[in-house]
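Report on the structure given below.
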Amino acid sequence: MIKKNNVLITGGAGFIGSSLANVLLPQNKVTVIDNLSMGDFNNLQESANLTKILGDVTDKKLLTKVFEENDFDYIFHLAAIASVADSVARPYETHQVNFDSTMMILEILRQNKKSLKRFVFSSSAAVYGDEPTLPKTEESTIRPLTPYAIDKFASEKMAMIYYNLYDIPASATRFFNVYGPNQNPNSPYSGFISILVNRLRENTELTIFGDGEQSRDFVYIEDVIQALLLIATSNQSLGEVYNVGTGIKNTINDLTKFAQKFTDKELSIKYDAARQGDIKDSLSDVSKLESIGYKPNYDLANGMKKYLNYEFK
Ligand SMILES: NC(=O)c1ccc[n+]([C@@H]2O[C@H](COP(=O)([O-])OP(=O)(O)OC[C@H]3O[C@@H](n4cnc5c(N)ncnc54)[C@H](O)[C@@H]3O)[C@@H](O)[C@H]2O)c1
C-alpha cells in the first residue's frame, strides 16, 4: 500500500484516475492534473490532501512548474484521449496527448527525478491488435492497428527505455476492458458497460456494433486499483509491463442479457456495422501480474452485481 507519499495522477478526474485518487487520498497527498475533456472533478472526494489542477498534459510550461514545485514519490500517467475511434479521426492531435505528453514527463524526470519511486504508464490491450492467439501474454505478438494503439505501445516502450538508459523507475500496465462507477457514459467511445448501464437507466436504445459475439476480458475497477498499487510498489515490476484483466472472457451479447436479467429491465437493441479498428476477441493472461501478488476479486457476475447495485441503489 502507498502511505504518506506525494502522488501525481494525470487524468485524475477521469474514471480510473479518480477511483485511484479516492483510494489514495486518505493517506497521501494527491495532485490531479486534468483538462476535464472527459473527466469531472466531482468524481473526486473532498480532501485537504487533494490538489486539483485544471490543465493540459501537453502544456510544457505547466508541467515544468508542477514538477519544480513538487517532489512526487509516485506518478500515475493516466491522461489520454482514451478512444480508438477518436485517434482514427484525429491522429495527430491524439498523438500529442497519448505519446508526446509521456515523453515530456519522462524528459522532465530525466533532468531531475528527485525522490521518484515509480512512474506508472497506462497502456492498453489495444497494442495486441488483431493477432488471433489467445490469451494474450506480455510476450504475445504486438500488432497495433490504430494511432491510439501505436501511441500506447510507443509510450510504454519509451518509459522502459528511460528506465534502462536513465534509471527512471518506470512500469506499465496494459488494461483490458475496465468497468465500474464514474465512467463517463456520454462519450460515444466510453466503455461498453457504462453505455449499457446508462441505456438501462434511461430506457433508451442500445447500439451494439457488430453481431455482439465479440468477446472481451472485462475487469472491475477495484481489481484495476489493486493491480496499479502492486505494480507501483513491487521491486520486481521495475522496467516491466503487465496485463491487467481477469483472464476470463465474456461476449457482449451475454453481458447484455445478464444486465437485463439482473435489473429486470428489457432493452431495445440495435445491431450496427462493426467499428473500424474493433477487435473480435480479447483475453488476458494475468500470470505475470499474479506473480507479484495480484488476485482478481471480481468475475463479471460479481463485478456487475456490485456496479449495478451502485447505479440502481
Ligand atoms: N477504461 C479502460 O477500459 C481502459 C483500457 C485500456 C487503457 N486505458 C487507459 O487508461 C487511462 C485512463 O482511462 P479511463 O478509462 O479512466 O479514461 P477517462 O477518459 O475517464 O480518463 C482520462 C482522463 O484524462 C483526461 N485528459 C484527456 N486528455 C487530457 C489532456 N490533454 N490533458 C489533461 N487531461 C486529459 C480526461 O479529461 C479524463 O479525465 C487512459 O490512458 C486509457 O487510455 C483505459
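All of the numbers you see were taken from the coordinates with simple rules; none came from a lab. The structure displayed is predicted, hence computed values, not measured ones. Note: ideal-geometry Cβ built from the backbone for every residue, glycine included; neighbour counts use all protein chains shown.
Summing charges over neighbours of F176, with a neighbour being any other residue whose Cβ is under 9 Å away from its Cβ, gives +2 when K and R count +1 and D and E count -1. Counting pairs of alpha carbon atoms under 8 Å apart in space and at least six apart in sequence, what relative contact order in percent does the stretch 1-86 give? Relative CO of the stretch 1-86 lands at 37 percent. Give me the distance between the Cα centres of the stretch 1-55 and the stretch 120-145, rounded to whole Å. Each part's Cα centre sits 28 Å from the other's. L44 sits among other residues whose Cβ lies under 11 Å from its own Cβ, and their net charge, with Lys and Arg +1 and Asp and Glu -1, is -2. Only the Cβ atoms of Lys and Arg (+1) and of Asp and Glu (-1) were treated as charged; on that basis the dipole of the stretch 78-185 about its Cα centre amounts to roughly 380 debye. Exceedance of the 23 Å cut-off in Cα-Cα distance is limited, within the set K29/K305; K257/K288; K270/K313; K113/K136; K29/K65, to K29/K305; K257/K288; K270/K313; K113/K136.
Sorting 298-309, 264-275, 31-42 by their mean Cβ neighbour count within 10 Å, with the most densely packed peptide first, gives 31-42, 298-309, 264-275. Modelled label positions at D59 and K295, each set 7 Å beyond Cα in the direction of Cβ, lie 4.4 nm from each other.
Of the GluC sites (Glu not before Pro) found in the stretch 99-148, the ones in coil according to DSSP and having at most 10 other Cβ atoms within 10 Å of their Cβ are E139. Helices in the chain, meaning DSSP H runs of at least 4 residues, each add -39500 (n - 2.57). Divided by all residues, the mean residue ellipticity at 222 nm is -11000 deg cm²/dmol.
Long hydrophobic helices in the chain, taken as whole DSSP H segments with a C-alpha length of 20 Å or more on their own axis and mean Kyte-Doolittle hydropathy at least 1.0, are absent.
The mean sequence distance of close C-alpha pairs (under 8 Å, at least 6 residues apart), as a share of the length of the stretch 199-264, puts its relative contact order at 47 percent.
Over what distance in Å are the Cα centres of the stretch 179-238 and the stretch 68-97 separated? The stretch 179-238 and the stretch 68-97 have Cα centres spaced 18 Å from each other.
Where a ≥ b ≥ c are the square roots of the eigenvalues of the C-alpha gyration tensor, would you call the stretch 187-274 rounded, which needs a/c under 1.5, or, failing that, prolate if a/b is larger than b/c, or oblate? The shape class here is prolate. Each residue, N49 and K257, gets one label point 7 Å from its Cα in the Cβ direction; the gap between the two is 4.4 nm. Would you mind classifying the stretch 236-313 by shape? Square roots of the alpha carbon gyration tensor eigenvalues, ordered a ≥ b ≥ c; an a/c under 1.5 is rounded, otherwise it is prolate if a/b is larger than b/c and oblate if not. Oblate is the answer for the stretch 236-313, as a/c is 1.5 or above yet b/c matches or exceeds a/b. Loop-located GluC sites (Glu not before Pro) across the stretch 186-215 with a Cβ neighbour count of 14 or fewer within 10 Å are E205, E213, with loop assigned by DSSP. The length gained on full extension between N112 and E266, counted as 0.36 nm times the residue separation minus their Cα-Cα distance, comes to 49.8 nm. Mean separation of Cα pairs under 8 Å and 6 or more residues apart, divided by the residue count, gives the chain a relative contact order of 17 percent. For the stretch 37-193, report the translational diffusion coefficient in µm²/s to the nearest whole number, using Stokes-Einstein at 37 °C, 0.692 mPa s, and a Kirkwood Rh over Cα pairs. The Stokes-Einstein estimate is 195 µm²/s.
Counting Lys and Arg as +1 and Asp and Glu as -1 over every other residue whose Cβ lies under 13 Å from the Cβ of L134, the net charge comes to -1.
Quick check: from the Cα gyration tensor, does the stretch 1-118 come out rounded (a/c under 1.5), prolate or oblate? Oblate, because a/c is 1.5 or more while a/b does not exceed b/c. Between N186 and K280, the simple label model (points 7 Å from Cα in the Cβ direction) yields a spacing of 3.7 nm.
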